[in-house]
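The next block holds one structure in the form of structure tokens; read it before the comments.
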Amino acid sequence: MKKRFKLLAALAVVPGVIALGINQKVIAQGGDARTAKDAAERTFVPPGKTDDYYLFYSGGHSGQVFVAGIPSMRHISTIPVFTPYPGTGYGYDDESKAMLGGMTWGDVHHPALSKTKGDYDGRWLFVNDNANNRVARIDLRDFKTKQILKLPNVSGNHGSSFVTDNTEYILSASRFSAPLAGKYAPVSEYGKSYSGVVAGVKVDAKSGKMSNGFQVKMPPFNYDLGSVGKGPSKDWAFWTSYNAERATGRLEVTASQKPMDYIVACNWKAAEKAVKEGKADTVGGVKVIDPAKVPGVVYLIPCPSSPHGVDVTPDGKYMAGAGKLAPLVTIYDFEKMQQAIAKKDFQGKEDGIPVLNFASVKTAEVPVGLGPLHTEYDDQGYGYTSLYLESAVAKWKIGDWKVVDKIPVAYNVGHLVVAGGNAANPYGKYMVAMNKLSKGRHLSVGPSQPESSTLVDITGNKMTALYEAFTEPEPHAAQILKADKIKPIEVYPKSENHHPKAIWKASDSKITRKGKNVEITMYAIRSYFTPLELNVNEGDKVTLHITNGEQTRDEIHGFGLADHDINVVIDPGETKTVTFVAKKAGVYPFYCTNFCSALHQEMQGYLTVKPRK
Ligand SMILES: [Cu+2]
């Protein structure tokens, strides 16, 4: 045990040293004028032109998703999801406030695009909240968060969100284990009272509305990253797990005792069927399957210690499991897995879940290098694995299982993304590597170093670094979507505004009073509000519905109210509601916070709050 811990400690120290060496190399490469000029030309998007791809990357505990263009790597949008964002007024109006449910942050890790027949269809982007066990849906019609759903029983919704072939489900797995249904049990009862969970969130095919579907009770391991199957494996999903030791305390030591952990293989179709057949119990309000009682839903596959990602090849035939403490990626054959299940070729059980015989399902090992984390695939039959300890990305051939190229990056790399990289038909062409530790790649701004992403051209035999961009903290996973796959709207058509208090001319605005409740329907258009005077009494509850009557691109109005922590932003054709209590007598100006015309500065009015007698 001691020896093993020493190895871990050594590995933990190594990254700085390795990254420093590679830093020099990259600088040397940058010194090659021809290469630098060539790279600059290939990433230059001239003024007036737009990028070819959208890069959606998660901002970790900022609770946001960021959008950049590829190849320019320019940051073009911030999508607030679990966090209020005054820039777009998110979390200030009643509707978005209710969606946030009183929380002001989330931990976004793995964005996932909706799919049709295994390929990105450009409808929605789903993201997880690792901290507070939620998933959210962003509509790519307007790049806004439309729904946040809580997953009961799931403790640490990290292994999420992974979308099935036709967006039937978003699949997720709990990072932590805890007693189900929010119950109490001391940590000393970890082994017997704590459980992990694999969850299927049902997605309505038309509206995208999410609801809790099925859950599977799992042994108290820690579940990590996953991916869904494709083609022959499309009814399955896979996650890595660590802490097969079922340990508590200092996990870096206690959960690294065994040479092997597990990959979870879950047949989500079988889980769906089991629920339909009444084989699940309702726990915490969700149908939970106990795999010890319902065989055929989950299996465990041994994997070298502490794996991080498991990624299914585009043809759906292989699963690549990255053991972050082993210098290799283990390749499993889906067909062999099916045969092992059929033959009951098991090497043991964990809480009634069959453990498949490792030798029977493993088909190859790819010696990628130190600290493999994640793999994505291109359209030419290659896999790309990020190497955290080595600060590099390895490119290897599916089928040959040999590394054909390796590119150093100037930092400890975490996630990477290939354009279309987890779809049935990847686009290829570009790969973006994202830092974990940033290594001073930008002007210093103090102890918290700016983060980096590297855009890599993967069209040739050798990978070529094209650009290193600042990346909003803290980058986790990403998705790359072809720009022509979507056509976002530019205004909300009036006909689609179903807000009961929407009005379309200033003369329809009104103030009504019922006792201490004041309701105001307000109209905003260039460049005035109607009404301009909101006269209320101290202690009144004010409900304000604001319609932006514009039908012109980018004609956004904001309603900023002094000393009330209110900034509602209304896009063209939108209506939003904000409710507040006029607590303190006085005069409070309100004004348009979003520049709208040459006379934008004139767009103002007053809330007067009369003192109580
Ligand atoms: Cu305005």
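Annotation: peptides 185-193, 87-95, 201-209, 558-566, ranked by per-residue average of other Cβ atoms within 10 Å with the highest first, follow the order 87-95, 558-566, 201-209, 185-193. The shape of segment 225-341 comes out oblate: with a ≥ b ≥ c from the C-alpha gyration tensor, a/c is at least 1.5 while a/b does not beat b/c. Please give the Cα centre distance for segment 454-518 versus segment 553-603, rounded to the nearest Å. Measuring centre to centre over Cα atoms gives 20 Å. Pairs Lys505/Lys583; Lys97/Lys436; Lys117/Lys279; Lys514/Lys583; Lys576/Lys613: which exceed 27 Å Cα-Cα? In this structure, Lys505/Lys583; Lys97/Lys436; Lys117/Lys279; Lys576/Lys613 lie more than 27 Å apart at Cα.
Taking N as the residue count of segment 56-109, its C-alpha radius of gyration divided by 2.2 N^0.38 Å amounts to 1.19.
Its Cα gyration tensor gives the chain an equivalent ellipsoid, and the semi-axes of that ellipsoid, as √(5λ) in whole Å with the largest first, are 45, 30, 22. Of the residues Ser62, Pro367, Val187, the one whose Cα sits farthest towards the positive end of the charge dipole of the chain is Val187 (charges of +1 on Lys and Arg Cβ, -1 on Asp and Glu Cβ, taken about the Cα centre).
Assigning unit charges at the beta carbon (Lys, Arg +1; Asp, Glu -1) and nothing else, what dipole magnitude in debye, to the nearest 20, does segment 297-375 show about its Cα centre?
120 debye
Arrange the following residues from fewest to most other Cβ atoms within 10 Å of their Cβ: Trp105, Trp396, Trp401, Trp239.
Lowest to highest Cβ neighbour count: Trp105, Trp401, Trp396, Trp239.
Distant-in-sequence amide contacts of Gly122, defined by a placed amide H-H separation under 5 Å and a gap of 5 or more residues or a different chain, comprise Ser114. Looking at the chain, the DSSP beta bridges with both ends there are about 90 percent antiparallel. Centre-to-centre, using Cα atoms only, segment 521-543 and segment 230-301 are separated by 54 Å. From most to least packed by mean Cβ count within 10 Å, the peptides 78-85, 369-376 give 369-376, 78-85. For segment 71-218, a simple Cβ point-charge model (Lys and Arg +1, Asp and Glu -1, everything else neutral) yields a dipole of about 200 debye relative to the Cα centre.
Loop-resident trypsin sites (Lys or Arg not before Pro) (DSSP state other than H, G, I, E or B) in segment 404-475 with no more than 16 further Cβ atoms inside 10 Å of their Cβ: Lys462. Residues Glu41, Glu451 in ascending order of nearby Cβ atoms (within 10 Å, fewest first): Glu41, Glu451. The GluC sites (Glu not before Pro) of segment 240-324 meeting both criteria, a DSSP state outside H, G, I, E and B (loop) and at most 10 other C-beta atoms within 10 angstrom of the site's C-beta, are Glu277.
Among Leu180, Leu437, sorting on how many other beta-carbon atoms sit within 10 Å of each Cβ, with the fewest leading, yields Leu437, Leu180. For trypsin sites (Lys or Arg not before Pro), the sites in segment 51-120 that DSSP calls loop and that have at most 14 other Cβ atoms within 10 Å are Lys117.
Dipole magnitude of the chain about its Cα centre, charges +1 at Lys/Arg Cβ and -1 at Asp/Glu Cβ only, in debye to the nearest 20? The partial results should precede the final answer.
Numbers: 73 positive and 62 negative charges, 253 e Å.
Approximately 1220 debye in magnitude.
Counting only residues at least eight positions apart within a chain, or on another chain, the lysines with an alpha carbon under 19 Å from that of Lys402 are Lys317, Lys324, Lys362, Lys462.
Relative contact order, whole percent, for the chain stands at 11, derived from Cα pairs under 8 Å and 6 or more residues apart. A simple rule links phi to the HN-Hα coupling: the Karplus curve 6.51 cos²θ - 1.76 cosθ + 1.60 with θ = phi - 60°, which for segment 78-89 gives 10, 10, x, 10, 10, 9, x, 9, x, x, 10, x Hz, with x for Gly and Pro. Each part gets one Cα centre, and for segment 348-400 versus segment 119-190 those centres are 24 Å apart. Each principal axis of the Cα cloud of segment 515-613 was taken in turn, and the coordinate range along them, longest first, works out to 46, 22, 20 Å.
Here's the list of aspartates and glutamates a cross-link from Lys344 could span, going by alpha-carbon distance under 19 Å and ignoring same-chain residues fewer than 8 apart: Asp333, Glu335.
Under 5 Å between amide hydrogens, built in the peptide plane, is the criterion, and for Tyr467 it picks out Leu455 among residues at least 5 positions away or on other chains.
A short reminder: the numbers here are calculations on the coordinates, not readings from a lab. Bear in mind that the values here come from a model prediction, so they are computed numbers and not experimental data. Note that each Cβ is placed from the backbone with ideal geometry, even for glycine, and that neighbours are counted across all protein chains shown.
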